[in-house]
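**Q** The structure's right below; bear with me while I get my questions together.
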Amino acid sequence: MKTDETIVVGGGIAGLMCAAKLANAGRRVTVLEASAALGGRAATYEEQGYRLNFGGHALYWPDEKRLRAVGVRISGGHLRADRGSVLWRGELSAWPLPPRVGRSALGVTERAALLRVLAGVLTRHPERLTDQSAADWIDAHSRTPGVAGMLGALLRLSSYGARLDAMPAEIAVGMVRAAAVRPVRYLDGGWVSIVDGLAARVRAGGGRIETSTRVTGLLGEEQVRGVCIADGTERLAGSVVLAGLSPTRTDRLLANVGGALPPTATVTGGRVTAACLDVALRRLPAGAISFALGLDEPLYLSTHSRYATLAPGEGAVVHLMRYDDGQPQSDTEMRGHLERLFDLAQPGWRDELIHARFAPRMIVDHLLPVPGAGLASRPDITDAGVAGVILAGDWVGPAGWLVGSSLASGAAAADAVLAAATTARRRGSPTATITQAA
Ligand SMILES: Cc1cc2nc3c(=O)[nH]c(=O)nc-3n(C[C@H](O)[C@H](O)[C@H](O)COP(=O)(O)OP(=O)(O)OC[C@H]3O[C@@H](n4cnc5c(N)ncnc54)[C@H](O)[C@@H]3O)c2cc1C
């Protein structure tokens, strides 16, 4: 029996974006999610009335635009990093930009130099930096350790890439540029508001969503016919979108129907990870610094509840992170670095503690393209090697970074299904065939 239904495997942002677009266009679509709840890495959990993302999450304006295009609107405040502090040589001092009177880690000349570099970021196109690493770019734009430290901190903050010699400048500088055009937004209620918004679009368009449904295999030979579920049942489909699964999991599923990912999915700079400390406080301690960024250590602290509704009453939600700079560190050492920054920025936080969750190795992005190859080297949505199977996720396609990639590839996967359906209709064929990249 043939069907024109699309099955989307994975109920994270990539899968939900794809399904929302298909449902909006009136296509039959079902999302199958292995976990009991939707959202994947964009899920938010609740603890005594506090809402915490799994690691600090900030939305960039190009992604807000991508969400608006499928009818999802979000709310929340924009981060004011300039009201924060920087950590330099073990001490906190005022954010050095814009240059102003007061104690600063950077001298007046350094602050002016920094402003000039950032003005250049706004006027030049990051796509032209394809053959440079973020470390090369910093070297070319800084003459003092202070300026280099501040540029490194901004690139890490925007891209999560702390192995600066492995991070393509195109990505890191592009993200700094996006944040300079319009500051990032922290979301009311947490990132689950994106998940709920997309899921509502899927259901409003007649799409179905099933949680606690793990896909264990694909059906078909050369042309996909559906999927196998962990409970032993099968679901038929005309096309299958593998959305947000890791490259390894995706490759394993493809192997049983004769497909395989191109080598670009494995020859990379590896994953981008971060150690995260997510905290709920009864109230902020007196004199607390709400935002701090390490210049000579890859550290981040931000009080998300200052900009978004996340905590009851006077409560505060604070996210701390140590970006992975490639230095081997034990979990205890990483937690120690985070707590030392917390002690400096918000002394007394332990007395106000309601809840803390430490996760030493969160996968922020599955695939770091190598400098010189850049975003264009990532596998494309049609690179599965099996007709009817499409890929989406944070490691797929030439557009976006972090959730930007998940949204852009999810939308592109839906476009591929819609285009194939239009072609099939023109030819009078009952099912659509999604051709694979040569
Ligand atoms: C600590 C941290 C901080 C971050 N901060 C930011 C930020 O500030 N800005 C930003 O833009 N991005 C950020 N990100 C990245 C962002 O969270 C991800 O890009 C995005 O959520 C990934 O969505 P996805 O759908 O591609 O993948 P996932 O969220 O991983 O979703 C994949 C889904 O597939 C499901 N699944 C897997 N296997 C199967 C199977 N066999 N059958 C059925 N379902 C299956 C999983 O359960 C999961 O729900 C951050 C990530 C982390 C970890």
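Just so it is clear, none of the values below were taken in a lab; they were calculated from the coordinates. The model shown is predicted, which means the values in this text are computed figures rather than measured ones. All Cβ positions, even for glycine, are placed from backbone atoms using ideal geometry, and neighbour counts span all protein chains on display.
**Q** In a Gaussian network model over the chain where Cα atoms closer than 10 Å are linked, find which of 105, 424, 243 has the largest mean-square fluctuation.
**A** 424
**Q** Residue by residue, what Karplus-based ³J(HN,Hα) values in Hz, rounded to whole numbers, does region 22-27 have, using 6.51, -1.76 and 1.60 with θ = phi - 60° and x for Gly and Pro?
**A** Values per residue, Gly and Pro as x: 5, 5, 4, 8, x, 7 Hz.
**Q** Estimate the FRET efficiency between residue 25 and residue 140 by the formula 1/(1 + (r/R0)^6), using the beta-carbon distance for r and 35 Å for R0, to the nearest 0.05.
**A** Once rounded, the FRET efficiency stands at 0.15.
**Q** Under the rule of -39500 (n - 2.57) per DSSP H run of 4 or more residues, summed and divided by the residues of the chain, what mean residue ellipticity at 222 nm is obtained, to the nearest 500 deg cm²/dmol?
**A** Computed mean residue ellipticity for the chain: -10000 deg cm²/dmol.
**Q** Please find, in a Gaussian network model of the chain (springs between Cα atoms separated by less than 10 Å), the residue of 86, 272, 215 whose mean-square fluctuation is greatest.
**A** 215
**Q** Between residue 422 and residue 210, how many nm apart are label points set 7 Å from Cα along the C-beta direction?
**A** Inter-label distance under the simple model: 3.1 nm.
**Q** In addition: So which trypsin sites (Lys or Arg not before Pro) in region 2-94 end up in coil per DSSP with only 14 or fewer other C-beta atoms within 10 Å?
**A** Answer by residue number: 2, 73, 80, 89.
**Q** Please report the spacing between the Cα centers of region 342-359 and region 235-281 in Å, no decimals.
**A** Comparing the Cα centres of region 342-359 and region 235-281, I get a distance of 34 Å.
**Q** If you don't mind, another one. Using the Karplus curve 6.51 cos²θ - 1.76 cosθ + 1.60 with θ = phi - 60°, work out ³J(HN,Hα) for each residue of region 159-172 in order, rounded to whole Hz, and write x for Gly and Pro.
**A** Working through the residues one at a time gives 10, 6, x, 9, 7, 5, 6, 9, 8, x, 4, 3, 6, 5 Hz.
**Q** Taking only Cα atoms and a 10 Å spring cutoff, compute GNM fluctuations for the chain and point out the largest among 204, 20, 169.
**A** 204
**Q** Here's a follow-up. Residue 191: net charge of surrounding residues, Cβ under 12 Å, Lys/Arg +1, Asp/Glu -1, itself excluded?
**A** 0
**Q** What are the GluC sites (Glu not before Pro) within region 212-286 that DSSP puts in a loop, where the Cβ has at most 11 other Cβ atoms within 10 Å?
**A** none
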